[in-house]
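A short write-up of the structure that comes next.
The values are calculated or read from the model by the stated rules, or taken from the named source; none is laboratory data. Note that the structure is predicted; figures quoted are calculated from it, not measured. Ideal geometry is used to build each Cβ from the backbone, glycine not excepted, and the neighbour counts take in all protein chains shown. Ligands, DNA and RNA are excluded from the accessible area calculation, which covers all protein heavy atoms including side chains. Shrake-Rupley method; radii C 1.70, N 1.55, O 1.52, S 1.80 Å.
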Amino acid sequence: MRAVRQHAYDAALVVEDAPAPNVAAGETLVTLAYGSVNPLDAWIALGSVGAAGPLPRTPGCEGVGVTADGRRVAFRGAGLGLTRDGSWAEQVAVPDVALAEIPQGCSDQAAAALGIPGVTALDCLNLAEVGSGSTVLVLGASGGVSVIAMQLARTRGARVIAQTSSPDRVGLISRYADEVVVATAEALEAAVRELAPSGVDAVIDPLAGPFAAAAARLLAANGSLVLYGASAGSEFCFGPQDLYRKNARILGYSGLPVAPEATARSQEALFALVAAGALEVVIADVLPLTDANEALRRIRENRAGGKLLLQP
Ligand SMILES: NC(=O)c1ccc[n+]([C@@H]2O[C@H](COP(=O)([O-])OP(=O)(O)OC[C@H]3O[C@@H](n4cnc5c(N)ncnc54)[C@H](OP(=O)(O)O)[C@@H]3O)[C@@H](O)[C@H]2O)c1
């Protein structure tokens, strides 16, 4: 079968014939419909995510497809694309615990876009205890996680303020946010204060760096800053009084340690929202498996413009 293969870190991926997957007890063979592309795949390809498995390996931490008995399923986690062969191939052996059922009314493409981004958005909003009446600042708002986080926050009755660095993406973001600010890290605090003078209850932050410093200052009393990425820098600096005077907190989130069973149930909850018309999924592009390197380049250069999928 054809598969994308990684032979070395920080080197181009190749598409070649690879052996059909060995399906062990407790695993299911899935014929791939779409492999999802995430920033995590870009980090893994560079070798910057620890505990990766042996090479050569098939990349791709998640995807959707069909089982031999005709079930439409999504899958992610359980080491796929990291410690074992992943989704960017015609067929994938998937641990049963990582399988999520896709209901009628949720397309394969939507399901493929709701694994890592959807569950991350859901878990981060839960960590920040976003609910009715909360004001939430979503950073990097055109990103895959952010687009879902904004929608889920609004379904909970929250007010969403969105930050973007990309003026050309304001139209898309405005569909999901109450207010949009186009702001650099330096301009963020003033721009958000104009809209929310007493600050925000939660910040959902994939950027870190100078954006997180401004976000910490913007927290209202009992506010939460949830960090789940570092796209704009791995360090930031703020005064401790920005937290302790407000009983505010900074929390971190990573999906990697979350149990695959929990992730699969979260995915099914998100698929049900799509089927009910309560959640829109934006697919930026569907590329053939042979364009896997191009997909990773778009992510590294912040040119993805939303969710990218690979099709065998
Ligand atoms: N911890 C976890 O479990 C977890 C899960 C998923 C993702 N992540 C991480 O979270 C981040 C976002 O993931 P994603 O899938 O949403 O990525 P994405 O679709 O590539 O979106 C990231 C968004 O952040 C903004 N951005 C990117 N680089 C920037 C920079 N240097 N300065 C300012 N803004 C920048 C852009 O938004 P605008 O153009 O609108 O400004 C971009 O659309 C990534 O770093 C990813 O590795 C972590």
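A few remarks follow.
- Stretchable slack from Thr67 to Ile283, in nm (0.36 nm times residue separation minus alpha-carbon distance): 75.4 nm
- Cα gyration tensor shape for segment 25-147, rounded if a/c is under 1.5, else prolate or oblate: oblate
- Rolling a 1.4 angstrom probe over the protein heavy atoms with all chains in place gives the chain an accessible area of 41 Å² per residue.
- Look at the Cα gyration tensor of segment 120-252: its axes a ≥ b ≥ c give a/c under 1.5, and that counts as rounded.
- For Asp17 and Glu129, the difference between the fully extended length at 0.36 nm per residue and the C-alpha to C-alpha distance is 35.6 nm.
- Between Ala275 and Thr290, the modelled label-to-label distance comes to 3.7 nm, taking each label 7 Å out from Cα in the direction of the beta carbon.
- Solvent-accessible surface of protein heavy atoms, probed at 1.4 angstrom with all chains present, puts Leu195, Leu289, Leu227 in the order Leu195, Leu227, Leu289, largest first.
- Sites Ser166 and Trp43, calculated FRET efficiency, Cβ-Cβ separation with R0 35 Å, nearest 0.05: 0.95
- Ranking by accessible area, most exposed first, for Asp108, Asp96, Asp205 with a 1.4 Å probe: Asp96, Asp108, Asp205
- Taking the 1.4 Å solvent-accessible surface of segment 204-255 as the whole, the part contributed by carbon and sulfur is 51%.
- A 1.4 Å probe, protein heavy atoms only, puts the accessible area of Tyr9 near 80 Å².
- A probe of 1.4 angstrom, applied to the heavy atoms of all protein chains, finds Leu256 with accessible area near 100 square angstrom.
- For the pair segment 139-155 / segment 43-78, the C-alpha centres are spaced 24 Å from each other.
- The chain, helix-only ellipticity at 222 nm - DSSP H runs n ≥ 4, -39,500 (n - 2.57), divided by all residues, nearest 500: -8500 deg cm²/dmol
- Residues Ala190 and Lys246, FRET efficiency given R0 of 25 Å [Cβ-Cβ distance, rounded to 0.05]: 0.85
- In segment 54-141, the trypsin sites (Lys or Arg not before Pro) that fall in loop regions by DSSP, at most 13 other Cβ within 10 Å: Arg71
- If R0 is 30 Å, the Cβ-Cβ spacing of Glu301 and Leu256 corresponds to a FRET efficiency of close to 0.80.
- Under the span-like rule (Cα at least 20 Å along the axis, Kyte-Doolittle mean at least 0.0), DSSP H helices of the chain: 260-275
- Given charges at beta-carbon only (K, R positive; D, E negative), |dipole| of the chain in Debye: 440 debye
- Counting only protein heavy atoms and a probe of 1.4 Å, the accessible surface of segment 69-190 is 49% carbon and sulfur.
- Residue range of the chain that is longest and free of GluC sites (Glu not before Pro) which are both DSSP loop and sparsely packed (at most 13 other C-beta within 10 Å): 1-128
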